[in-house]
1. Against the definition (within 30 Å of residue 34 (Cα to Cα) and either assigned to a helix (DSSP H, G or I) or touching a helix residue (DSSP H, G or I) at 6+ places or on another chain (Cβ under 7 Å) (or both)), how does residue 115 come out, yes or no?
2. Quick check on this structure: which one of 57, 136, 114 is farther than 22 Å from residue 3 by Cα and either out of contact with any strand residue (DSSP E or B) (no Cβ under 8 Å at 6 or more places or on another chain) or surrounded by fewer than 17 Cβ atoms within 10 Å (Cβ to Cβ) (or both)?
3. Among the residues of the range 22-41, is any surrounded by fewer than 18 Cβ atoms within 10 Å (Cβ to Cβ), touching a residue at least 60 places away in the same chain (Cβ under 8 Å) and more than 14 Å from residue 82 (Cβ to Cβ)?
4. Of the conditions (1) over 23 Å from residue 28 (Cα atoms); (2) touching a residue at least 24 places away in the same chain (Cβ under 8 Å); (3) in a helix (DSSP H, G or I), residue 107 fails just one. Which one is it?
5. For residue 63, only one of the following conditions fails: (1) crowded, with 16+ Cβ neighbours inside 10 Å; (2) under 16 Å from residue 8 (Cα atoms); (3) more than 16 Å from the chain's Cα centre (by Cα). What is its number?
6. Working only within the range 69-95, note down all residues that are under 15 Å from the mean Cα position of the chain (by Cα), buried (at least 17 other Cβ atoms within 10 Å of the Cβ) and not in a loop (DSSP other than H, G, I, E, B).
7. Residue 50: at pLDDT 95 or above and over 13 Å from residue 19 (Cβ atoms), yes or no?
8. Restricting to the range 100-111, name every residue that is surrounded by fewer than 18 Cβ atoms within 10 Å (Cβ to Cβ) and under 27 Å from residue 42 (Cα atoms).
């Protein structure tokens, strides 16, 4: 893999992080039901963390010589609170799979600083997955 291809993939990840933040904000504002009160507050935290991921990716893209995107990927909404959490969980599972791949790609290119940033993002995405799975299993 060439550095340019990695930059392209990181920009796709960045657009997905923007979308995740927007989606979490919308879901946190519209989720209803007493059983979702604790996860509602967590969704706001997730939105903030997704924006931090976006910031970290943008810095790395710039460092690698690319231009960080301003595109926002697809957002998913629903009128059903459980469905919202399932949408968020699907997004987190996708992010985890992508970041596992990105960690390997960064390592193969000898971009060890990027690799560490990606590992930190990956760890937080795994925590988000656990939060959502817990909320869905209550």
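1. Numbers: within 30 Å of residue 34 (Cα to Cα): no; either assigned to a helix (DSSP H, G or I) or touching a helix residue (DSSP H, G or I) at 6+ places or on another chain (Cβ under 7 Å) (or both): yes.
So residue 115 fails the test.
2. Working: 57 fails: farther than 22 Å from residue 3 by Cα; 114 fails: farther than 22 Å from residue 3 by Cα.
136 is the lone residue from the list that is farther than 22 Å from residue 3 by Cα and either out of contact with any strand residue (DSSP E or B) (no Cβ under 8 Å at 6 or more places or on another chain) or surrounded by fewer than 17 Cβ atoms within 10 Å (Cβ to Cβ) (or both).
3. Yes, the range 22-41 has at least one match.
4. (2)
5. It is condition (1) that residue 63 fails.
6. 85, 87, 88, 89, 91, 92, 95
7. Working: at pLDDT 95 or above: yes; over 13 Å from residue 19 (Cβ atoms): no.
When the stated conditions are applied, residue 50 does not pass them.
8. Those that are surrounded by fewer than 18 Cβ atoms within 10 Å (Cβ to Cβ) and under 27 Å from residue 42 (Cα atoms): 100, 101.
The values are calculated or read from the model by the stated rules, or taken from the named source; none is laboratory data. Please read all numbers here as calculations on a predicted model, not as lab measurements. Positions of Cβ are backbone-derived with ideal geometry, glycine not excepted, and every protein chain shown enters the neighbour counts.
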